[in-house]
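The values are calculated or read from the model by the stated rules, or taken from the named source; none is laboratory data. Only a predicted model underlies this, so the values are computations on that prediction, with no experimental measurement involved. Every residue, glycine among them, receives a Cβ derived from its backbone with ideal geometry; neighbour counts consider all protein chains shown.
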Amino acid sequence: MKLYNTLTRKKDDFVPRFEGKVSMYTCGPTVYHYAHIGNLRSYIMEDVLEKYFRYAGYDVKRVMNITDVGHLSSDGDTGDDKMLKGAKREHKTVMEIAEFYTKAFFDDCKKLNIKTPDVVVPATSYIDEFIRVIKVLMEKGYAYEAGGNIYFDTSKLDKYYVFNDFKEEDLEVGVREGVEEDSNKRNKADFVLWFTKSKFEDQELKWESPWGLGYPGWHIECSCISMKNLGEYLDIHCGGIDNAFPHHTNEIAQSEAYLGHEWCKHWFHVHHLNTNSGKMSKSSGEFLTVSLLEEKGYDPLVYRFFCLQSHYRKSLVFSYENLDNASAAYEKLTAKISGILDGSGDVDKAKFDELKKNFTDAMDNDLNTALAVTAVYDVLKADTNNATKLALINDFEKVLSLGLIEAAKKFSDKNSGENEDIPAEIAELLEQRKAARKEKDFALADEIRDKISALGYVVTETREGTKVTKK
Ligand code: AMP
Ligand code: ZN
């Protein structure tokens, strides 16, 4: 499989260190608020990647952190702690906020058919491990204490800017435009590993450390959680493109300084979902969440479909018009699939392999999900029986997870019986019968069927759902 690697800036063959096994790390959410659908674009595409690895036969172990401490509103160690801001906003404790939004995040993931990673670690549960690794970095001369905080010394590295060609001057521009410069830093790019002296006197969560009462910086959590659960060599690390610098750059600096060798070979970054007015935000403009889309009548899986229709390395513009187009296409597709649900015939193995190749070729070429979706249309158009078509769609769905079969079943249920022009009275009775069946009150359901029959209509249950015809 060819997969773009941000580290080498080209499509590399994806080759895990140990045959047949993939160690995969994902930067998790900062749980100070709901995830916006931009954040979820990253998790959808990472989910597709994980599922494709499994589909290709790899034994995957995927680990994700939950950032519940230390993520400041600026990536450059300035600004407020996002968690503290969230707690103040809602007059709750930081841990209450963390618990509430962690649950909300996984609820959203469930609606989007995003599988929960094998291991999920809240940063606050790993404080001892962060302290242990920071101690080693101090001993090895990669970290220093200044003004009470512990900083990573980027000048000790041969190469710090691994992903881009940021120059110190560029950062100075950032500092001038930003809030304040930290005079404790020896080099502009240095970053905090452990805060003790901070302007957040009201910081709720603090832990004892050899350097005093304090809390960890954001970057150290991912290095430690990954190394502890996935070992010294990581096959692939994922995140949104904004994480490449400084977050992932700092992760590499810390991990490799600690380990003394290369850490992660392959870096997978999902580009941003934007709105027409630019960057997606939780604080300005419409706060786009999965729940908001649901309130507006969209099936969350239509949003997943919308994401899969574009390549993960292109930024994607969200608008309701674009989502409406995806919704119409999704409905049409599921309507077509409803026509093959009977699965008649025997699976034609040769045809199956031939059509499956369209799908794997697309996915093997840098996870081209748009072409993989086209492969579904190719199946429906193909000159083969329904058994083969259904088997292929079920197979692709292991990766795409678009809920296509379920939606197609719903489509046929909704449409069964609607071909006939039935009077309102019968339609009303049918609704009552449906409700009775749902309640498992079959005696009542039969009674209603008899009433319908007395009015001159026959009710039959078919594979596609309930059908009504005039006697
Ligand atoms: P956060 O909760 O801020 O730590 O972000 C969670 C994930 O969402 C990270 O992988 C970010 O890189 C990613 N992310 C943030 N904004 C966007 C966006 N507009 N589109 C896609 N991914 C994003
Ligand atoms: Zn991270």
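Where strands (runs of 3 or more DSSP E) sit wholly within the range 1-50, those with at least 3 residues that are not assigned by TED's automatic domain parsing to the domain that holds D68 occupy 2-5, 10-13.
Among the residues of the range 327-359, those that are surrounded by 18 or more Cβ atoms within 10 Å (Cβ to Cβ) and closer than 30 Å to K10 by Cα comprise L355, N358, F359.
Assigned by TED's automatic domain parsing to the domain that holds Y25 and within 16 Å of ligand 1 (Cβ to nearest atom): does that describe N243? Against the criterion (assigned by TED's automatic domain parsing to the domain that holds Y25 and within 16 Å of ligand 1 (Cβ to nearest atom)), N243 qualifies. For the range 384-420, a residue qualifies if it is at pLDDT below 95, assigned to a helix (DSSP H, G or I) and farther than 25 Å from D346 by Cβ, and the qualifying residues are K410, F411, D413, K414, N415.
Yes/no matrix, rows are residues, columns are (1) free of Cβ contacts under 8 Å to residues at least 12 places away in the same chain; (2) in a helix (DSSP H, G or I); (3) closer than 25 Å to T30 by Cβ:
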site	(1), (2), (3)
N274	no, no, yes
S284	yes, no, yes
L292	yes, yes, yes
V302	no, yes, no
H311	no, no, no
A326	no, yes, no
L333	no, yes, no
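In the range 309-323, what residues are surrounded by 17 or more Cβ atoms within 10 Å (Cβ to Cβ) and aliphatic (A, V, I, L, M)? Residues satisfying the conditions are L316, L323.
If we keep just the residues of the range 57-72 that are touching a helix residue (DSSP H, G or I) at 6+ places or on another chain (Cβ under 8 Å) and either aliphatic (A, V, I, L, M) or more than 16 Å from ligand 1 (Cβ to nearest atom) (or both), which is nearest to K103 (Cα to Cα)? Only one residue fits best here, namely I66.
Pick out the one residue from G79, G57 that is of a type outside the set (K, R), more than 16 Å from ligand 2 (Cβ to nearest atom), at pLDDT 95 or above and at positive phi. Steps first, answer last, please.
Values: G79 fails: at pLDDT 95 or above.
After applying the criteria, what remains is G57.
Only a single criterion out of (1) more than 13 Å from the chain's Cα centre (by Cα); (2) β-branched (V, I, T); (3) within 14 Å of ligand 1 (Cβ to nearest atom) is not satisfied by T93, namely (3). Pairs linking a residue in the range 388-401 that is not assigned by TED's automatic domain parsing to the domain that holds K351 to a residue that is at pLDDT 95 or above and buried (at least 23 other Cβ atoms within 10 Å of the Cβ), with Cβ atoms under 7 Å and 6 or more positions apart or on different chains, do not occur.
Have a look at L259, L288, L205, L193 and point out the one that is within 16 Å of ligand 2 (Cβ to nearest atom) and either modelled with pLDDT under 95 or not assigned by TED's automatic domain parsing to the domain that holds V373 (or both). Explain how you work it out, then say what you get.
On the way: L259 fails: within 16 Å of ligand 2 (Cβ to nearest atom); L288 fails: within 16 Å of ligand 2 (Cβ to nearest atom); L205 fails: within 16 Å of ligand 2 (Cβ to nearest atom).
Checking each option against the conditions leaves just L193.
Those residues that are within 16 Å of ligand 2 (Cβ to nearest atom) and more than 21 Å from T124 (Cβ to Cβ), I need them from the range 29-42; list them, please. Give the derivation first.
So in the range 29-42, the residues within 16 Å of ligand 2 (Cβ to nearest atom) come out as 29-32, 35, 39, 42.
Passing the criteria: only S42.
Would you confirm whether any residue within the range 366-383 is at pLDDT 95 or above, assigned to a helix (DSSP H, G or I) and farther than 27 Å from R41 by Cβ?
Filtering the range 366-383 down to residues at pLDDT 95 or above leaves 366-383.
From the residues that got through so far, the ones that are assigned to a helix (DSSP H, G or I) too are 369-381.
Next, from what is left, pick out any that are farther than 27 Å from R41 by Cβ: 381.
Checked against the condition, which is being at pLDDT 95 or above, assigned to a helix (DSSP H, G or I) and farther than 27 Å from R41 by Cβ, the range 366-383 yields at least one hit.
When the test is whether a residue is over 21 Å from I66 (Cβ atoms) and not in a loop (DSSP other than H, G, I, E, B), D235 passes it.
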